[in-house]
Amino acid sequence: MKIVAGPASNDLAEKISQNLGITKLNAEFKYFYDGETYLKVDDTVTMEDIIIVQSTSPPQEKHLLELILMASTLKDFGAEKIHAVVPYLCYARADRRRRKGEVLSHHVILEILYKSGIDSLLSVNVHNEEAFNQFIPELEKYSLRADYLIAQEIKKLQIDDLFIVGPDQGSTENVEIIAKELNAPYGFFEKYRNPENHSVTLEDTGLECGDKNIVLVDDIITSGTTAFKAIDLLLEKKSKSIIFACIHSLSKPEVFNEMLQKGVSEIYSTNTISRKDIKQIDISPLISKFIEEKFL
Ligand code: R5P
């Protein structure tokens, strides 16, 4: 078995290769003047299983195409099975049709990945595990949970009077896992999203967290709208302090700067999407352990 690093996840692939003592190969990518992609894989790949590590973080389409090209080419060169480690799986939030005529992107992406030669897909905190497992059953799929890694990191801060908050019911599992691990009370706000213009409203549900140190938890942050609305409610409630933690951070750095200006004391995400501007919690032990138990 060998590991091939995609351009979006070189650091993570390096860590997994070191953890497991498996050789890491680099895929050579170049980009033509017109924007098209050139790839050359290591042609020493023979009849063996290959792990590709590539997050489909922004720019999603570019990283997705790189993954597809790698999987298809490595299969052509004789890879026995392709195990794709895609820590952040793009388009997974488009998991149902809210209006007639809408694309079911999550399904489409899984189908394309399967058809590109991927035999098993390993991701982290996929937005809707039920849809992920249900779509394209012929593709072996695993969604690992990194929530407890966030809890372990918060534990190190040794803060009293913690209260874990989810911005909506969609974050129930994330919040419950973290709250249990930290032995802390928890609760949720109520979120409404306008299907026409996608605007978001958050309502207080009477959470009694005024004198608490808050850990605001979400699976994903993009525009920051959801988090900002939750932070505003928490500030109105005079919470003692606010830490923001998420699994996948897709936001621009400005979003996190604004968060700090609003008074958030710490910002954490995992390294499903690699970035240097916030504290990142390493998921490589989680992925390495799974690969060791399942595929080695
Ligand atoms: C929604 O269901 C997710 O859990 C996140 O709350 C949401 O996707 C975050 O997006 P944004 O940062 O744009 O509000």
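The values are calculated or read from the model by the stated rules, or taken from the named source; none is laboratory data. None of these values were measured; they are calculated from a predicted model. When we count neighbours, we look across all protein chains shown, and the Cβ atoms used for this are built from the backbone with ideal geometry, even at glycine. Surface accessibility is based on the protein's heavy atoms, side chains included, excluding ligands, DNA and RNA. Shrake-Rupley method; radii C 1.70, N 1.55, O 1.52, S 1.80 Å.
Quick notes on this structure:
- Taking the DSSP beta bridges with both ends in the stretch 90-207, the antiparallel portion is around 35 percent.
- The stretch 193-296: relative contact order as a whole-number percent, Cα under 8 Å and 6+ apart: 22
- Here is the list for the stretch 133-183: GluC sites (Glu not before Pro) lying in DSSP coil, each with at most 16 other C-beta atoms within 10 angstrom of its C-beta, are 138.
- For the chain, the longest principal axis of the alpha carbon atoms and the long axis of helix 60-76 meet at an angle near 30°.
- Note on the chain: Cα-Cα pairs beyond 24 Å make up 53% of the total pair count.
- Percent RCO, i.e. relative contact order, over the stretch 87-189, from Cα pairs under 8 Å lying at least 6 residues apart: 21
- Exceeding the 26 Å Cα-Cα cut-off - candidates 62/289; 62/229; 2/294; 180/237; 30/276: 62/289; 62/229
- Principal axis dimensions, the stretch 182-251 - Cα atoms, whole angstrom, descending: 37, 25, 18
- If you take the alpha carbon atoms of the stretch 188-296 and fit the smallest convex hull around them, that volume is 137 Å³ per residue.
- Per residue, in Å², the accessible surface of the stretch 121-166 once ligands and nucleic acids are set aside, probe 1.4 Å: 45
- Amide H partners (placed H, <5 Å) of residue 189, local residues excluded: 166, 168
- Antiparallel DSSP beta bridges within the stretch 1-113, as percent of all bridges there, nearest 5: 25
- Low-density loop cleavage sites - trypsin sites (Lys or Arg not before Pro) in the stretch 266-296, where at most 13 other Cβ are within 10 Å (DSSP): 276
- Computed from label points 7 Å out along Cα-Cβ, the spacing between residue 14 and residue 193 is 3.5 nm.
- Sequence-distant contacts, meaning Cα pairs under 8 Å at least 6 residues apart, place the relative contact order of the chain at 13 percent.
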